[in-house]
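Student: Please see the structure below; I have some questions.
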């Protein structure tokens, strides 16, 4: 964070140049000042839409004591060095001011992008500390991911999810970061959801998709032991949830039931009738 206390004039306001991890950043107060908005406006917009912002990309959360001396700001009376400050990057700023649509807002936005954030590209090309910045950025991302992982593990533990399946769910969560890994997939018992079992056994719907509901109907007819199923976390298409998954022995019981019942075209269960067909992979 070497900015030599330089300033940039935006909308007749001198804004101290701020850099963090090699990126130009602004505070929420800076945004209010530049746009002539009441103090707290940018913070409210940020908090109202925080789920759309990605920490480490659109914003950083850092301790005041870490950045205030570099930003040329005098700590106020009663200053808490452990308090957090939100630093907004260019992408975060552009997201935040989407709702600022008056003519002045467009002009201020152009000034900030062209005279404040664009300088970052030239600075980073000439910086000899990019490797250090990359290390620190990775550390920030690791910290953010670890906080989320801890929250998810607390929820899974409260739901009774076994530790080995928690580890399995998190196995690829830290991809892209240099961390020691354990081969959880080899150590954990293989589990399959109803869709995967349907695919394995060739139990298909009219639209030729694995028929998970039909598998569920068959399972409702079987006697399962406690160690043959588990409630496990999963992440699919950006959605995190939990589902019941089954061991290979359950799949084998379903295959046996199909054979004993001559692969019926209609499977009854859970109060419903499911029309199925069987792919060539079905035994």
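Where a number appears in this text, it was derived from the coordinates with a stated rule and is not lab data. Just so it is clear, the structure is predicted and the values come from calculations on it, not from any experiment. Every residue, glycine among them, receives a Cβ derived from its backbone with ideal geometry; neighbour counts consider all protein chains shown.
Student: Compute the Cα gyration tensor for segment 26-67, then decide on rounded, prolate or oblate, letting a ≥ b ≥ c be the square roots of its eigenvalues: rounded whenever a/c is under 1.5, prolate when a/b is larger than b/c in the other cases, and oblate in all that remain.
Tutor: In terms of gyration-tensor shape, oblate.
Student: So, one more: What is the list of residues in segment 24-39 whose amide nitrogen lies under 16 Å from a point 7 angstrom out from the Cα of residue 9, following Cα to Cβ?
Tutor: What the label zone holds, given the 16 Å backbone N cut-off, is 34.
Student: Is any residue of segment 40-63 close enough, with backbone N under 15 Å, to a label point placed 7 angstrom from the Cα of residue 104 along the Cα-Cβ axis, and if so, which?
Tutor: The answer is 40-42.
Student: Shifting gears a bit: Evaluate E = 1/(1 + (r/R0)^6) for residue 162 and residue 279, where r is the Cβ-Cβ distance and R0 equals 41 Å; express this FRET efficiency to the nearest 0.05.
Tutor: 0.80
Student: Return the distance in nm (one decimal) between the two label points of a simple spin-label model at residue 150 and residue 94, each offset 7 Å from Cα along Cα→Cβ.
Tutor: 3.3 nm
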